[in-house]
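Here's the structure, in structure tokens; my notes come after.
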Amino acid sequence: MDIDKKIVADFVNNDIKLVTTVPCKQLAGVIDEIDACKDIYHIPSNKEDEGIGICAGAFMGGKRSAIIMQNTAIGVTVNTLVTLTQFYRMPLPMLISYRGELKEPVACQVEMAVHTKALLNQLHIPTYHFHQQSDAEELDTILKYTFMCNKPVAILTDATFWGGYGDQ
Amino acid sequence: MIRSDVLKELVPVISDQFVVCNIGLPSQELHMLDDQPTNFYMLGTMGLASSIGLGVALAQEKKVISIDGDGSVLTNFGTLPTIANNVADNFILLIIDNGSYGSTGDQPTYAGKKTSLAAVAKACGCETVIECQAEDCADVMREAIAGDKMTVIVCKCESGNIKVPVITKDPVVIRDRFMTAIREANT
């Protein structure tokens, strides 16, 4: 199965009904699939902390939610993750494009990449790193784990996982 | 009238409604005036009352009121286009606009100067935007609740604060009783 379709199928099978997204080139395919999925309400956000607020509300309203964003967003959302998602103990799967890893063509992306895992570790956010497409076989289990423990959980997906940047 | 006067007049109108209330003094005032399981108090995360309220409104059918402030909306301006483009007719955003950052010592905001939040909301695509004076806020809210249209209310009032105790309730308790009330109301 196409990786974008597999990710969205796992979301649907785990009863995720609302997904907010802030785009990244690597995530374009999965965002298109989310948008086309009739079982999921897709709500693009202007900024990732806004998106996490929407997800918190959806969860309290009775719908499982998730956010799709770039790793630069970790720098934007620290306060929201800590004082909203973690403080009120809410589940939040975060599918994150791990920019600045091997095959990255843009030097500035590396500046956040070197802090990404350290920040997630400091925030005590369980973190999984998808490097090969076969790593995504665990996505279903990771989503179940997230809703079991009521925590934000990060799934970092790097350029090798997405098949590189083509001729960029 | 200052914000706590506005809230006092609103209590009989919103007491049985689902309310997401802004961080700091607004939550503390509402908590002191009329604590209800249907109130979700933000204890942190400035700026997200409207985003959280929109999420609740999109996820279920009951009416949801977000009580926000001018300073908080200014800190999360991206929320207005998102609200405008994801119409939830069970959502009411009340911006109590006292032109100041009340919880931090009444420093002036740009909404108290040249910037009109009502005009911004309209420019963002929000279709029903009502600017009112503090004295009329309860009536405007009553009409918004009776209507079936996503509504943004900008209530202009004076800046100033009263002494209120901080909220010591555990956040998980606040969240859980809010969720339980929503679940029960929707079954």
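The values are calculated or read from the model by the stated rules, or taken from the named source; none is laboratory data. All of these numbers come straight from a predicted model, not from anything done at the bench. Don't worry about glycine lacking a Cβ; one is built from the backbone with ideal geometry, like all the others, and counts go over all protein chains shown.
Listed values, structure above:
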item	result
Candidate set from the stretch B:44-67 (those that are within 7 Å of chain A (Cβ to nearest Cβ) and in contact (Cβ under 8 Å) with a residue 40 or more places away in the chain); member that is farthest from B:Lys169 (Cα to Cα)	B:Gln60
Test: B:Arg175 is under 28 Å from A:Phe87 (Cβ atoms), at pLDDT 95 or above and buried (at least 16 other Cβ atoms within 10 Å of the Cβ)	yes
Those residues of the stretch A:125-139 which are in contact with a strand residue (DSSP E or B) (Cβ under 7 Å, 6 or more places away or on another chain) and among the hydroxyl-bearing types (Ser, Thr, Tyr), in sequence order	A:Thr127, A:Tyr128
A:Gln70, sole failed condition from (1) surrounded by fewer than 24 Cβ atoms within 10 Å (Cβ to Cβ); (2) under 14 Å from A:Pro152 (Cβ atoms); (3) polar (S, T, N, Q)	(2)
The stretch A:77-121: number of residues that are among the aromatic types (Phe, Trp, Tyr) and over 22 Å from A:Val30 (Cα atoms)	2
Matching helices (runs of 4 or more DSSP H) fully within the stretch A:1-85 where at least 3 residues are under 22 Å from A:Asp135 (Cα atoms) and under 13 Å from the mean Cα position of the chain (by Cα)	A:3-13, A:28-36
Test result for B:Ile153, modelled with pLDDT of 95 or more, part of a loop (DSSP other than H, G, I, E, B) and among the β-branched types (Val, Ile, Thr)	no
Residue in the stretch B:130-141 that is touching a residue at least 24 places away in the same chain (Cβ under 8 Å) and either more than 16 Å from the chain's Cα centre (by Cα) or part of a loop (DSSP other than H, G, I, E, B) (or both) present	yes
Close pairs from the stretch A:32-52: first touching a residue at least 24 places away in the same chain (Cβ under 8 Å) and more than 10 Å from every other protein chain (Cβ to nearest Cβ), partner surrounded by fewer than 20 Cβ atoms within 10 Å (Cβ to Cβ) and assigned to a strand (DSSP E or B), Cβ under 9 Å, at least 6 apart	A:Ile34/A:His42; A:Asp39/A:Lys17; A:Ile40/A:Lys17
Long-range neighbours under 7 Å by Cβ, at least six apart or interchain, first residue more than 7 Å from chain B (Cβ to nearest Cβ) and within 23 Å of B:Ile83 (Cα to Cα) within the stretch A:57-84, second at pLDDT below 95 and in a loop (DSSP other than H, G, I, E, B)	A:Gln70/A:Cys24
Scan of the stretch B:68-106 for residues that are within 14 Å of chain A (Cβ to nearest Cβ), among the hydroxyl-bearing types (Ser, Thr, Tyr) and crowded, with 19+ Cβ neighbours inside 10 Å, ordered by number	B:Ser72, B:Thr79, B:Thr82
Flag if A:Tyr41 is on the phi < 0 side of the Ramachandran plot, among the aromatic types (Phe, Trp, Tyr) and in contact with a Pro (Cβ under 8 Å, 6 or more places away or on another chain)	no
Search result, residues across the stretch B:114-124 that are surrounded by 13 or more Cβ atoms within 10 Å (Cβ to Cβ) and either of a type outside the set (A, V, I, L, M) or in contact with a helix residue (DSSP H, G or I) (Cβ under 7 Å, 6 or more places away or on another chain) (or both)	B:Thr115, B:Ser116, B:Leu117, B:Val120, B:Ala121, B:Lys122, B:Cys124
Matching residues, the stretch B:77-108, being among the β-branched types (Val, Ile, Thr) and touching a strand residue (DSSP E or B) at 6+ places or on another chain (Cβ under 6 Å)	B:Ile92, B:Ile95, B:Ile96
Filter result for A:Tyr88 (of a type in the set (Phe, Trp, Tyr), surrounded by 18 or more Cβ atoms within 10 Å (Cβ to Cβ), more than 8 Å from chain B (Cβ to nearest Cβ) and in contact (Cβ under 8 Å) with a residue 12 or more places away in the chain)	no
Condition broken by B:Thr128, with the remaining ones in (1) surrounded by fewer than 19 Cβ atoms within 10 Å (Cβ to Cβ); (2) in contact with a Cys (Cβ under 9 Å, 6 or more places away or on another chain); (3) not charged (D, E, K, R) satisfied	(2)
Complete set of residues in the stretch A:12-28 that are surrounded by 16 or more Cβ atoms within 10 Å (Cβ to Cβ) and farther than 10 Å from A:Ala66 by Cβ	A:Val22, A:Cys24, A:Gln26, A:Leu27
Flag for A:Ile142 being touching a strand residue (DSSP E or B) at 6+ places or on another chain (Cβ under 7 Å) and either small (Gly, Ala, Ser) or under 22 Å from A:Lys25 (Cβ atoms) (or both)	no
